[in-house]
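Trainee: Starting off with a structure, shown below.
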Amino acid sequence: MLEPLHLPCGGILKNRLVKSAMSDSLGDGRGNPTATQIRLYERWAQGGAALSLIGEVQVDPRFPEKPGNLVLGPTTNRAAVRELTHRAAIDDAHIWPQLGHAGALAHPPLSMPKGPSPLDVEGLRCEGMSAEEVAALPAQYAEAAAQAKALGFTGVQIHAGHGFLLSQFLSPLFNQRSDAWGGDVRARTRVVVEIVAAVRQQVGPAFPVGIKINTSDQLVGGLTADEGLEVVRILDGTSLDLIEFSGGTYFPGAPSASDSLGGGPYFIDFARRARPLTRKPLVTTGGFKTRDQVVEAVASGVTDAVGLARALVLDPALPARWISAMNEEVDDPSFPRFRDPPPEGITAWYTQRLTAIGEDEEGDYGLSLQEAIAAYQGRDQARVQNWRERFE
């Protein structure tokens, strides 16, 4: 856990603890960071994380996940983003945007969702992308990555997990195309490989480029673990520097992996199967709640680093605390238990706590699930008009 991680491009992560991407929903509704969001990522850098990933940074404002997302494009407030990257890269910490496109899961009040194929099922309806629209994706991601590099980010992660657009291309449930981007696993992975190549060409050989993929969709008819392993084999032949494993899909009505799987790290068995298939450094995210779990996973060689999300919402200084007391007993985070949580309840509670951290007020945080949901939904609703005015 203490040793630095050397990436193929030459970049170095100072330890093996990664603040995995979350949709913090702290943008200003116009695609730009707020003071609260900037302070949040500064807190995680001060807290000792080697790398923090900003979730759901959109490459196309027509298909956002939420109106609190950041956008890298022509309208970006470059000064605000530079302040974020400057303050989040202290103490040799890395700060990367997770480059995303929500596709079929784009926020309906802001989008006419489009995915790899047209779908019309309960709770989810979208149009299918044309061949021209698919072919344009590598350039979109490459342009966003170039802007990220210019604005001080120290790397980028391509989001191909959790049911958003590139995850949809990988999934036979979402991708029913009959052209070159649909069919077997290799064909469904084609657009991802093209995006990685375009991003690498744009940012050069020495800039870190990572990816997040699903171990499986955890949905009937979706990407299976065996297919996920084939994706790993394919990605081993690319210029990627880091592959992060997660799982689950934000399909309407489907429980999230963090709310539905059993105790202990969720995807470590997949990482164990994937380890012989690639020379790329691996990050495994999901279900890590104790220092002993992290130390064991890294020491075993199954994964090169561990991604933490909710644990770092409960204690943003957890990496520094764990590392400083490596030879001593240490308290692990105490995760709250929620009884019969309503839909979005747990996500809302953690997301609103992120706001409290960014305002240095987490010590006073005491929202109930219902209060958190009301605040979470109310903030999104208030930002919808701002997004429309800026991007439509």
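Trainee: Given the conditions (1) open to solvent by 40 Å² or more (accessible area, probe 1.4 Å); (2) hydrophobic (A, V, I, L, M, F, W, C); (3) at pLDDT 95 or above, which single one is not true for residue 164?
Mentor: (1)
Let's see how each residue does on (1) charged (D, E, K, R); (2) over 18 Å from residue 131 (Cβ atoms); (3) free of Cβ contacts under 8 Å to residues at least 40 places away in the same chain:
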position: 162; (1), (2), (3): no, yes, no
position: 166; (1), (2), (3): no, no, no
position: 178; (1), (2), (3): no, no, yes
position: 187; (1), (2), (3): no, no, yes
position: 191; (1), (2), (3): no, no, no
position: 200; (1), (2), (3): yes, yes, yes
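Trainee: For region 181-229, which residues satisfy the criterion of being open to solvent by 50 Å² or more (accessible area, probe 1.4 Å) and either over 28 Å from residue 51 (Cα atoms) or not aliphatic (A, V, I, L, M) (or both)?
Mentor: Scanning region 181-229 gives 184, 186, 190, 194, 201, 202, 205, 218, 220, 224, 226.
Trainee: Next question. Which residue is farthest from residue 384 (Cα to Cα), if the candidates are limited to region 91-112 and must be out of contact with any Phe, Trp or Tyr (no Cβ under 7 Å at 6 or more places or on another chain) and open to solvent by less than 50 Å² (accessible area, probe 1.4 Å)? Spell out how you get there, then give the answer.
Mentor: In the first step, residues of region 91-112 are kept if they are out of contact with any Phe, Trp or Tyr (no Cβ under 7 Å at 6 or more places or on another chain); the result is 91-94, 98, 107-109, 112.
Adding the requirement that they be open to solvent by less than 50 Å² (accessible area, probe 1.4 Å) leaves 93-94, 98, 107.
Numbers: 93: 33, 94: 31, 98: 22, 107: 10 Å.
Of everything passing the filter in region 91-112, 93 is farthest from residue 384 (Cα to Cα).
Trainee: Separate question: Scan (1) modelled with pLDDT under 95; (2) closer than 14 Å to residue 17 by Cβ for the single condition residue 347 breaks and write down its number.
Mentor: (2)
Trainee: Being in a helix (DSSP H, G or I), closer than 26 Å to residue 46 by Cβ and open to solvent by 20 Å² or more (accessible area, probe 1.4 Å), is that true of even one residue in region 365-381?
Mentor: Let us first name the residues in region 365-381 that are in a helix (DSSP H, G or I), namely 369-381.
Pick out the ones that are also closer than 26 Å to residue 46 by Cβ and you get 372, 375-376, 379.
Those still in the list that are open to solvent by 20 Å² or more (accessible area, probe 1.4 Å) too: 375, 379.
For region 365-381, residues in a helix (DSSP H, G or I), closer than 26 Å to residue 46 by Cβ and open to solvent by 20 Å² or more (accessible area, probe 1.4 Å): present.
Trainee: Pairs only if they're at least six apart or on different chains, beta carbon under 6 angstrom, first in region 292-311 and closer than 16 Å to residue 48 by Cα, second open to solvent by 10 Å² or more (accessible area, probe 1.4 Å) and charged (D, E, K, R); list them, first residue then second.
Mentor: From residues that are closer than 16 Å to residue 48 by Cα, the pairs are 305/16.
Trainee: While we're looking at this one, here's another question. Within region 15-67, work out how many residues are crowded, with 21+ Cβ neighbours inside 10 Å, of a type in the set (Lys, Arg) and part of a loop (DSSP other than H, G, I, E, B).
Mentor: 2
The values are calculated or read from the model by the stated rules, or taken from the named source; none is laboratory data. Quick caveat, the model's predicted, so the values are computed rather than measured. Virtual Cβ from ideal backbone geometry, glycine too; neighbours counted across all protein chains shown. The accessibility values were calculated without ligands, DNA or RNA, using every heavy atom of the protein model including side chains. Shrake-Rupley method; radii C 1.70, N 1.55, O 1.52, S 1.80 Å.
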